[in-house]
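Below is one structure, written out as structure tokens; the observations come after it.
What follows draws every value from the coordinates through simple rules; no lab data is involved. The shown structure was predicted, so the numbers you read here are calculated from the model rather than taken from an experiment. Heads up, the Cβs are rebuilt from the backbone with ideal geometry, glycines too, and the neighbour counts pull from every protein chain shown.
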Amino acid sequence: MANTRSAKKMTRKIARRTEVNKARRSRMRTFVRKVEEAITAGDATAAKAAFTEAQPEIMRAASKGVIHRNTASRKVSRLAQRIKGLPA
């Protein structure tokens, strides 16, 4: 348990930051899920539309430090590859 004033403040800051990061991660996952659902359904146009919305969200999560930038790039690359493999 935190004893000093500064440690108590850091505990509060960490709790707030955790909530913000959870929301950002959840938002990113929602956008990724929409792309994956469109890919599973085999709908190329919907998948491309969802991907164009998801890509900035993934990169935003990386820039905010929620996920590593290499992880973000890997996610974008793999989604793009799966969309490219769909029949037009």
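Between the helical axis of 5-41 and the longest alpha-carbon principal axis of the chain there is an angle of about 10 degrees.
Pick from 64, 22, 13: which is most flexible by mean-square fluctuation in a GNM of the chain where alpha carbon atoms under 10 Å apart are linked? Of 64, 22, 13, the Gaussian network model singles out 13 as fluctuating most.
Summing Lys and Arg as +1 and Asp and Glu as -1 over all other residues whose Cβ lies under 11 Å from the Cβ of residue 78 gives a net charge of +3.
Close Lys pairs in the stretch 5-84, defined as Cα atoms under 22 Å apart and 8 or more places apart or on different chains, number 16. Roughly how tilted is helix 44-63, in degrees to the nearest 10 and between 0 and 90, from the longest Cα axis of the chain? Helix 44-63 sits at roughly 20 degrees to that axis.
The angle between the Cα long axis of helix 69-84 and the longest principal axis of the Cα atoms of the chain comes to about 20 degrees, rounded to the nearest 10.
Just from its helices, what would the mean residue ellipticity at 222 nm be for the chain, if runs of 4 or more DSSP H residues each count -39500 (n - 2.57) and the sum is divided by every residue, rounded to the nearest 500 deg cm²/dmol?
Using -39500 (n - 2.57) per qualifying helix, the result is -29500 deg cm²/dmol.
Taking other residues whose beta carbon is less than 10 angstrom from the beta carbon of residue 65, and scoring Lys, Arg as +1 and Asp, Glu as -1, yields +4. Over 17 Å apart: what share of the alpha carbon pairs of the chain falls there, rounded to a whole percent? Percentage above 17 Å: 54.
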